[in-house]
1. Over the range A:312-356, how many percent of alpha carbon pairs lie in each 10 Å bin up to the one with the longest distance?
2. Only helical DSSP H runs with n ≥ 4 go in: add -39500 (n - 2.57) per run for the protein assembly as shown, normalise by residue count and round the 222 nm mean residue ellipticity to 500 deg cm²/dmol.
3. Excluding residues on the same chain fewer than 8 positions from A:LYS658, give the aspartates and glutamates whose Cα lies under 13 Å from its Cα.
4. Taking the range B:204-281 as the region of interest, what is the percent of Cα-Cα pairs per 10 angstrom bin, listed from the shortest bin to the one with the maximum distance?
5. Of the cross-linked pairs A:LYS288/A:LYS338; B:LYS9/B:LYS170; A:LYS168/A:LYS206, which ones have a Cα-Cα span greater than 27 Å in the structure shown?
6. Give me P(r) over the range A:214-332, computed from all C-alpha to C-alpha distances, binned every 5 Å, as integer percentages.
7. Rg/Rh for the range A:395-467: what does it come to with C-alpha atoms and Rh from Kirkwood?
8. Given A:LYS143/B:LYS226; A:LYS143/A:LYS515; A:LYS35/A:LYS173; A:LYS143/A:LYS173, which pairs have Cα atoms separated by over 27 Å?
Amino acid sequence: MKFLLEIGCEELPPNFLPSAIQQLKERMEKLLYEKDISFSNLFVYGTPRRLVLLIDDIAPQQKERIVEIKGPPYQKAFDEEGNPTSAAHGFAKAQGISLDELIIKEDKQGKYVYAVKKESGRPTEEILKETIPSLLNSVYLPKSMRWDASSSRFIRPIRWILSLMDDKLLELKIGEIASNRISYTERYLEGVFSPESVDDYLQRVKVEGIILDQEERRKIILDKAKELAESVEGEITIHERFLEKIVFLNEKPHLFLGKMDERFLVLPREIIATSMESQLNLFPIHNKRGELLPYFVGVRDGDGKGLENVVEGYEQVLKARLADAHFFFEEDLKIPLKERATALSGIIFLGGLGTIADKVRRMRNIISSLPIEEIRERALRTALLCRADLTTHMVREFPDLEGIVGMNYALLQGEDEEIARAIYESYQYTLSEEGIKTPLGKLISLVDKIDTLAGAFHLHLQPTGSSDPFALRRAGQTVIEILREEERFNLREIIQAVGKAYKEEMGVELGGMEKLLEFLRNRLELALREMGIRYDIVNAVLEGKMENIRELFARAIALNELREDEEFIPTVTASVRLINIIRFAQRRGENPPEEGIKEDLLLLEEEKGLYEEGKRVARTLEILRRKEDYKAIFRELSSLKDLINRFFDKVLVMTEEKELRANRLALVNFIWNLFFLFGDLSQIVIERQRNDASS
Amino acid sequence: MDFQTLLRKLDEFWINQGCLILQPYDVEVGAGTMHPATFFGALGDNPWRVAYVQPSRRPQDGRYAQNPNRLQRYYQYQVIIKPAPHNIQNIYLRSLEFLGIPLKEHEVRFIEDDWESPTLGASGVGWEVWLDGLEITQFTYFQQMGGIELSTISAEITYGPERLAMYLQKRDSILDIEWGNGTSYGELHKPMEIEHCRYNFELANISSLVSLFTSFEKEAHLLLDKGLIFPSYDLALKCSHIFNILDARGALSVVERAGLIDRVRGIANRCAQLYIQQEAKV
């Protein structure tokens with residue numbers, strides 16, 4: 001048997017469909033598996049107007065199965081002589097079996113009577129009828145709506161339901177909409193037909209040119225777009241996300257070639273490409289050298305009828321958009337970027353913290369404080385130019401193009417390529433080929449974002465719950481990613497430099513820095529956890545020094561990998577003995593003395609041995625640290641564990657003699673500080689060998 | 001088809017769908033949605049079918065009549081139907097055919113575009129409608145109005161009549177559209193457009209606008225305390241328009257902007273709540 005479910009909708013958003021398809025497929029497979037209903041293939045298709053579920057060779061009913069039904073407790077069902085009571089009679093009768101078919105089983109709660117029954121499978125139809133509405137309900141909706149008097153919610157209105165088991169209509173109801181033997185080859189109420197069976201439906205849909213299978217549509221769109229591009233000796237570059245959007249915007253893709261007015265080719269390619277792709281869903285065409293050609297590929301959802309109107313329409317709309325862009329372009333180039341700094345004083349930054357012109361001044365101040373001799377001059381130049389494009393007509397009209405406009409105008413005005421690229425990168429948030437990648441770009445992006453974060457925290461604009469209007473979380477993440485790659489920037493130094501800039505340029509004493517550090521710590525925690533690092537190792541590392549972020553990641557990764565090492569637990573345990581005694585002393589008001597260890601007071605072999613070995617390890621660690629070999633560092637530390645254990649077995653740290661006690665504490669502290677290179681290892685949770693006590 | 005005929009044809013079509021044809025509201029608004037016929041009409045469960053033209057003001061969008069597609073004051077043709085009929089999309093498509101656009105020979109697309117008006121505490125789910133790539137309509141199922149989650153869902157259809165006229169008349173600029181009897185849209189609107197742009201962007205007195213905003217807001221709340229809904233709503237609209245001018249003047253920081261939006265919404269939400277309460281009594 002074949003099963004078909006078609007949910008007809010008003011136009012579904014293209015970014016919703018891929019996940020809806022996946023969820024429906026997974027949930028339906030799970031359901032059939034749980035219900036013991038066999039099938040051969042299960043497909044879920046999505047188009048702008050329908051979600052279709054198709055199951056091949058679905059069994060007409062569940063497999064026969066043995067079920068055990070729990071009844072009354074044994075003591076109630078049988079009296080002291082072991083004779084069945086009325087409770088047992090009642091239970092057996094209710095289950096439709098005889099008394100001697102009851103069995104007795106024992107579990108944690110005690111002995112119970114069970115009925116064992118062979119249950120012949122229920123019809124698949126019945127099960128589907130019951131479960132499909134809740135199956136649909138369980139699809140995650142990024143945004144949901146109501147459209148009629150029922151309480152049903154979906155992402156867009158559902159208008160029809162077709163549900164067939166071979167040729168039989170399955171009666172379903174979702175909200176106000178009942179299934180019917182009716183479908184439409186176009187929008188709801190257009191191209192109505194009444195399929196006799198699943199096969200008839202599939203045949204009819206095919207004849208009408210609807211391509212249900214998204215993979216098939218993808219291939220058609222891709223092949224035809226390439227073919228059309230080749231017809232004008234061009235190529236198209238496929239961006240996966242854009243292609244996916246086109247695939248889910250069309251159920252009858254009909255591709256066409258359109259022309260663009262050649263005079264617009266003077267515009268930067270990103271401006272043209274944005275107008276085409278994100279505003280009109282058109283594919284730009286370029287030649288082998290990557291230069292745009294005056295053509296585009298469009299996709300109509302429908303047939304070829306009146307195609308000339310559609311082509312002309314898109315050409316006209318594109319022309320209007322590019323004419324706007326062209327006008328802005330010419331106007332903008334009359335004022336070079338470097339002369340736009342004054343106009344930036346008309347754009348308010350956050351509010352209460354001056355204008356973008358002030359921000360630029362602060363960025364330049366920060367750059368002057370950082371240890372970056374070799375790129376300082378270029379960085380200062382980039383900072384001067386990096387926000388200038390906010391004053392252009394182009395960015396005011398197309399806010400998405402901020403940075404891209406700055407980069408292109410900088411190049412046209414003779415700035416060097418590295419600076420132009422860094423202007424673009426200063427607006428970006430992700431480290432990638434298309435995002436932040438150059439050293440100059442990383443520096444500018446870092447300075448810009450940390451300045452914004454510091455300002456926002458000063459103004460108490462930190463994100464709360466789901467509200468993060470200034471994208472501070474994203475900025476925080478970017479800061480961490482950049483610091484992870486650029487070891488010469490130390491978090492503490494940068495924060496100091498920002499504070500200095502606010503003070504010198506604005507006369508503002510920044511507040512909220514504790515909160516900012518706490519916020520960055522949380523971002524770090526998230527980043528580490530997302531890398532699959534165990535929570536306790538994350539805690540341990542974050543309790544350590546947070547200045548060099550790159551080192552912090554290396555420590556965390558090394559520890560996480562070492563977790564399985566047989567030395568790991570003994571080493572961590574030994575180190576925890578050190579910190580435990582320090583904390584014990586501190587609770588008594590005794591801190592390890594600052595003046596360090598007096599060698600002449602090391603009396604016992606175990607003290608001397610630990611000290612000598614500790615000194616050797618300290619020297620080795622310096623070298624290994626430079627090599628960033630954290631696994632080797634751990635092995636070195638590990639070599640101390642026996643000495644530590646022997647030390648604690650033989651030496652009484654908290655002795656009555658004050659001087660000796662202080663010296664021993666100093667030694668313990670010295671060794672602990674070696675371990676502290678990794679962070680606070682006492683945060684690591686050591687699971688005890690589990691004894692199975694339940695048996 | 002000239003502009004006035006286009007509007008008349010839309011009236012005719014929607015009259016046949018059982019709509020009352022209302023007139024534009026006489027307070028400056030940013031969109032047809034702000035007309036009381038939509039704001040209050042969408043509240044509650046009573047059936048409601050109206051259509052009207054609404055001149056709409058968006059100071060930010062002014063371009064001194066230099067841009068062929070942007071004006072600071074333009075028209076919206078607004079239809080509001082409650083409850084939304086199951087075939088509303090189909091009815092809308094037939095309205096385009098009624099204007100003489102054979103849809104089989106064109107492409108109509110519904111492109112996801114959810115609508116939100118923070119000043120009205122309103123939101124909806126829907127699309128912008130493209131005709132051969134040109135955006136001609138906003139189509140929305142209201143979900144919330146005046147901060148109230150709606151129990152009966154309305155469909156709102158907002159045509160851009162200038163866009164449709166440009167399409168039908170094959171003109172590249174709004175100003176070149178024929179309004180009627182040989183008179184162009186530009187002849188009727190250009191001087192007004194340019195002067196308003198000068199006012200909005202250059203001359204509007206910021207401090208007096210800020211103090212007007214505060215007085216109107218105060219009065220609105222006083223009137224609400226006395227149970228008056230509609231005069232208060234008018235004052236909310238005035239505040240909203242003042243906010244738009246201040247925004248166009250670049251006089252607002254991000255924080256101030258959010259603050260003023262909240263204050264307008266505060267009035268609108270109270271109006272909506274009071275309206276619902278009074279409707280319940282009737």
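1. Bins of 10 Å from zero give 23, 28, 26, 19, 5 percent of pairs.
2. It comes out at -15000 deg cm²/dmol, rounded to the nearest 500.
3. Filter leaves A:GLU590.
4. The percentages, shortest bin first, are 20, 49, 23, 8, 1.
5. Where the Cα-Cα span goes over 27 Å, the pairs concerned are A:LYS288/A:LYS338.
6. In order of increasing distance, the bins hold 2, 12, 23, 24, 20, 12, 5, 2, 1, 0 percent.
7. 1.06
8. Working: A:LYS143/B:LYS226 38 Å; A:LYS143/A:LYS515 32 Å; A:LYS35/A:LYS173 21 Å; A:LYS143/A:LYS173 22 Å.
Cα-Cα > 27 Å for A:LYS143/B:LYS226; A:LYS143/A:LYS515; rest within.
Readers should treat all values here as calculations from the given coordinates under stated rules, not as data from a laboratory. This structure is a prediction, so every number in the text was calculated from the model and none was measured. Note: ideal-geometry Cβ built from the backbone for every residue, glycine included; neighbour counts use all protein chains shown.
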